[in-house]
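Please read the structure below before turning to the comments.
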Number of protein chains: 2
Amino acid sequence: MRAMILPLTRRFLVMALLALVAVPLAHAQTDPLPSWNQGATKAAIVDFVARTSRDGGPDFVPVEDRIAVFDNDGTLWSEQPAYFQAAFAFDRIRALAKDHPEWKDKQPFKAVLEGDMKTLAGAGEKGLLEIVAATHAGMSVSDFGALVTDWITTARHPRFDRPYTDLVFQPMLELLAYLRANGFRTFIVSGGGIEFMRPWAPGIYGIPPEQIVGSSGKTEFRLDGDKPEIVKLPAVEFVDDGSGKPVGINRFIGRRPVFAAGNSDGDLQMLQWTTLNSGPRFGLIVHHTDAEREWAYDRASPFGRLDKALDEAPRRGWTVVDMKSDWNVIYPFEKK
Amino acid sequence: MRAMILPLTRRFLVMALLALVAVPLAHAQTDPLPSWNQGATKAAIVDFVARTSRDGGPDFVPVEDRIAVFDNDGTLWSEQPAYFQAAFAFDRIRALAKDHPEWKDKQPFKAVLEGDMKTLAGAGEKGLLEIVAATHAGMSVSDFGALVTDWITTARHPRFDRPYTDLVFQPMLELLAYLRANGFRTFIVSGGGIEFMRPWAPGIYGIPPEQIVGSSGKTEFRLDGDKPEIVKLPAVEFVDDGSGKPVGINRFIGRRPVFAAGNSDGDLQMLQWTTLNSGPRFGLIVHHTDAEREWAYDRASPFGRLDKALDEAPRRGWTVVDMKSDWNVIYPFEKK
């Protein structure tokens, strides 16, 4: 037996040694963006990262200034048939309805309970705020976080019958990791709620809570005996969308990013604030062009309308991702 | 000559080699807090850092949760005879007065121009806001930053006739560095203006702009042709003081700190929010007890009043620094 084992052992040792030698080579050759097809979009990203991280090069950016900002809805995960945070809010309304019999006859709650999206859309900002107040306030931040965590691990997306977090974009996960591997810090700058994202975004995107910027409601500190709490109040504090995004970036980060990615006109000013500056800058727009694997929408969409930013992209030198042709995989679950 | 040089060279080489060996030893033995006198305060700090960073120990804190928050005025630098940001504002009023002849007869500007601190104190919050609006708004964030940078490099503190940034506390600089060397991330959480601190605090404290939380005025994004700007508006957005500090911490950092340092009742809720939690927590209060080298004040001071927090410290287990006995050096310029 020993005679048989020895050659195997030696063979194993030789293979192990070869593996040790080969790993760095293989690593150097591994494509960091395998879900991105070869082409101008991918080449532009790789070229930008190489230029800005090449020490001594003309476009070198010191590591502390390598700030990359990403919209969330429609940029890092899907946003159809409605923003996923809206699905959370509607599920909350349905769950709370048994304690609110009056909602059966009271708008905008009636519309939510009846799935009447047309009436709901007509309720406008006032209706939206009533839903936000009823579902996002009147509890501590940590209790709200527990509700979000519970929802995100149990709710299922209507089209794919999968958890909502399965609908993150695999190519964007690769882009986030690629930027971080090259010294960039990645931030979310989203119109979505900061307290809605923080419970799950760190685990899904590898982005820590302190690098998540979003819309927020007013909060209040309370000390109940020896138990301190931050309580969510039914009032909007800050809307981190459109021209609010550069404001949020300035307040939370205090530096101008060198890389910005978005997918809608809500990201227009963030793209302008990032790229209309001296030095190397990168603006990226995710254009939803794949009705089969994801959704196809832009100028006429009620969610994530992409109109002005699409017109402005060529003039500003922003890179527009054509989902259908640039991405060979959309979601992680499609990977073979 | 050659005979003389060789022994010297050899001696130099031997010394150089010895130095190479000795450096790691010396480093391991160097006191990271040399400006802190031996005693209970210093021992408590060193014990806490050792416990929380000892992997596998019962009080180990994962590196991503090692968040330390510091008040600025009175905690990291002096705040007498008035907050240094007030000195900046008053200098701005004096500089702008030539374009505002009406200020000669208009309060609160008249009081500033005449150095009438009593009338100024009587002008209350309304007066303060008028001064802030006149000195901190109506320009872009970057133009404001340039004004602050110019002031901080030229203005001199009335008592010490030195730049204001010379009045940082050497022991606190050592504490910041010591915490960072042990995996903590250090944040400023100040009642002072976020845009006032960001131009100079990174260079002085080693704290980057995205780790500076403070009070803020409303801002607005504007695009003038191809030139984007964030403009400071004459309206208060957020007061990061008192019960506002936990709110600011929650919004900007999204985690509860494990270490908090303050010096006044404005830091009370931050200390509560940090320490009234499970797991190892450290609350530190800088008590100004040294009228000779710095200032002595607490319960009756108009700036940095320390009253409730001082009463609460023993019950909460907060460590109170007695500047006079705990610090052998106050300012960096005192070092021999």
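None of the figures in this text is laboratory data; all of them are computed from the coordinates on show. If you're wondering where the values come from, they're calculated on a predicted model, not measured in any experiment. Every residue, glycine as well, gets a Cβ built from its backbone with ideal geometry; the counts of neighbours run over all protein chains shown.
Worth a mention:
- Debye intensity ratio in log₁₀ form over the Cα atoms of region A:228-336, taken at each q of 0.17, 0.21, 0.24 Å⁻¹: -0.88, -1.10, -1.26
- Note on residue A:42: aspartates and glutamates with a C-alpha under 14 Å away, same-chain residues under 8 apart excluded, are A:31, A:174, A:322, A:326.
- Cut-off under 5 Å, modelled amide H: who pairs with residue A:233 long-range: A:138, A:218, A:219, A:220
- Scanning residues 5 or more positions from residue A:305 or on other chains, those with amide H under 5 Å from its amide H are A:265, with H placed 1.01 Å from N in the peptide plane.
- Nearest-to-axis residue of chain A, judged by beta-carbon position, where the axis maps A onto B, in Å: A:252, 3
- When Rg and the Kirkwood radius Rh are both evaluated on Cα atoms of region A:97-240, their ratio Rg/Rh stands at 1.01.
- Only beta bridges with both residues in the protein assembly as shown are counted; by DSSP, about 45 percent of them are antiparallel.
- At 7 Å out from Cα toward Cβ: residue A:153 inter-copy label distances (nm, ascending): 5.4
- Candidate lysines for bridging to residue B:308, where Cα separation is under 18 Å - those fewer than 8 sequence places away on the same chain excluded: A:227, B:245
- The charge dipole of chain A, taken about the Cα centre with unit charges on the Cβ atoms of Lys, Arg (+1) and Asp, Glu (-1), comes to about 980 debye, rounded to the nearest 20.
- Top of A:31, A:326, A:307 by mean-square fluctuation, Gaussian network on chain A, Cα under 10 Å: A:31
- Average 1/r across all pairs of distinct alpha carbons in chain B, invert it, and you get the Kirkwood radius: 22.0 Å.
- Degrees separating the helix B:40-53 axis from the principal Cα axis of chain B, which is the longest one: 80
- Between identical copies, the spacing of residue A:137 label points, each set 7 Å from Cα toward the C-beta atom, reads 2.4 nm from nearest to farthest.
- Calculated diffusion of region A:194-251, Stokes-Einstein form, Kirkwood radius summed over Cα pairs, 20 °C and 1.002 mPa s, µm²/s: 165
- Two-decimal Rg/Rh across the protein assembly as shown, once Rg and the Kirkwood Rh are taken from alpha-carbon atoms: 1.01
- Volume per residue that the Cα convex hull of region B:36-186 spans, once the total is divided by residue count, Å³: 168
- Computed over region A:94-163, the P(r) curve from all C-alpha pair distances, binned at 10 Å from the origin, holds 18, 40, 39, 2 percent per bin.
- Interchain or long-range residues, amide H under 5 Å from residue B:295's placed H: B:290
- Proximal lysines relative to residue A:126, as straight alpha-carbon distance under 20 Å, when same-chain residues fewer than 8 apart are discounted: A:104, A:106, A:110, A:118, A:218, A:232
- A label point on residue A:278, set 7 Å along the Cα-to-Cβ line, lies at 5.4 nm from each of its counterparts in the other copies, closest listed first.
- Peptide A:222-232, shielding by other chains (average Cβ, 10 Å cutoff): 4
- Principal axis dimensions, region A:280-332 - Cα atoms, whole angstrom, descending: 32, 26, 15
- Antiparallel bridge percentage (DSSP; both residues within chain A; nearest 5): 45
- Whole-Hz couplings from phi, Karplus 6.51/-1.76/1.60, listed for region B:295-302; x for Gly and Pro: 9, 10, 6, 7, 5, 10, 6, x
- The orientation-averaged shadow of the Cα convex hull for region A:133-214, equal to a quarter of the hull surface, comes to 6.1 nm².
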